[in-house]
Structure formats: structure tokens, C-alpha cells
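The values are calculated or read from the model by the stated rules, or taken from the named source; none is laboratory data. Predicted model only: the values in this text are computed from it and were never measured. For neighbour counting, all protein chains shown are included, and Cβ atoms are generated from backbone atoms with ideal geometry for every residue, glycine included. Just the protein is used for accessible areas: all its heavy atoms, side chains included, with ligands, DNA and RNA removed. Shrake-Rupley method; radii C 1.70, N 1.55, O 1.52, S 1.80 Å.
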Amino acid sequence: MVEKLEPQKVFLLAGVNNVSRGHYEETIRENYSLILQGLSDMGCTIYVQSILPVREPSSVDNGRIDIANKIIEELAAEYECEFIDIHSVFLDENDEMKEDLTKDGVHLNENGYAVWREQIEDYVQE
């Protein structure tokens with residue numbers, strides 16, 4: 001479907017659901033490799049974004065998200081994609097998602113989306 005759109009740029013942010021499941025390191029690596037290979041073949045510019053942190057009531061472990069983000073950053077380099085660390089901008093002093101940026105500990109609220117937009121805006125405008 002993406003290929004038919006012939007995009008000049010693609011912004012990829014995925015993986016928090018994989019982190020919540022077993023074998024997440026393998027699935028993150030496999031899934032991102034498949035996606036990045038497919039996108040690379042299209043000849044567009046690919047921006048790979050880090051997975052955002054979470055907070056309660058989410059049961060996802062932020063330590064696992066950190067590991068996944070390292071894998072994602074390595075794969076972005078391997079496929080010569082731009083890696084955008086948005087994760088760190090969303091962290092509070094306890095290394096969790098800032099409370100005022102989420103509605104349920106995982107999904108962003110209006111403030112969160114505004115912060116996200118600020119982080120990628122320059123890349124969109126390039």
C-alpha cells in the first residue's frame with residue numbers, strides 16, 4: 001500500500017505492542033528488518049523514530065523499551081535511515097512517560113501529540 005503512494009518520506013514509529021509480548025527482541029529485529037528492507041527498496045527517505053516510554057497503568061516495562069530502542073537505532077544505521085530519538089523528550093524524572101503527555105500511560109493526549117510534532121517538524125519540512 002505504501003509503495004503505491006510513492007512517498008518521498010516515510011516516518012516509522014512502531015513496536016510498543018511487541019515489547020509487551022515475549023521474544024520482543026527477536027520480533028522487533030525481524031519486523032523492523034522486513035519493514036526497512038521494503039521501504040529501502042522504494043527509494044524514499046526513511047525516518048525511524050524511537051519507541052516512546054510508558055507509565056502506569058501500562059504494564060509494559062520501560063527497560064524493555066530501552067533495549068528495543070537500541071535495536072531499532074542499530075537497524076536504522078544498518079539500513080542507512082535517519083534515527084530520531086523522541087523517547088528522551090517524553091521522559092520524566094522517573095524515566096517514565098511524562099504524565100501530562102498521555103491519557104492512559106501509553107497513548108498520547110493532545111499535549112503529547114504537540115510535543116511529538118515539534119520533534120519531527122523539521123524533518124517533515126526538509
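What number, rounded to the nearest 500 deg cm²/dmol, is the helix-based mean residue ellipticity at 222 nm of the chain, given -39500 (n - 2.57) per DSSP H run of at least four residues and division by all its residues?
Here the helix-only value at 222 nm equals -14000 deg cm²/dmol.
Quote the relative contact order of region 1-84 in percent (integer), defining contacts as alpha-carbon pairs under 8 Å separated by 6+ residues.
Result for region 1-84 is 38 percent.
With label points built 7 Å along Cα→Cβ from the Cα atoms of residue 4 and residue 111, find their separation and express it in nm.
Those two pseudo-labels are separated by 4.1 nm.
So, counting K/R as plus one and D/E as minus one, what does the shell of residues with Cβ under 12 Å around residue 45 add up to?
-2
Ignoring any ligand, DNA or RNA, what whole percent of the accessible area of the chain comes from carbon and sulfur when the probe is 1.4 angstrom?
45 percent
Could you go through region 117-122 in sequence order and give the Karplus-derived ³J(HN,Hα) for each residue, using 6.51 cos²θ - 1.76 cosθ + 1.60 with θ = phi - 60°, rounded to whole Hz, and x for Gly and Pro?
4, 4, 6, 10, 3, 5
Could you give the accessible area per residue of the chain, probe 1.4 Å, as a whole number in Å²?
Heavy-atom SASA per residue in the chain reads 62 Å².
With volume of the Cα convex hull per residue in Å³ in mind, check [x] 143; [y] 110; [z] 95 and report the label derived from this structure.
Matching the structure shown: [y].
Hey, rough spin-label estimate for residue 99 and residue 79, points 7 angstrom out along Cα→Cβ, what's it come to in nanometres?
Taking the two extended label points, one gets 3.7 nm.
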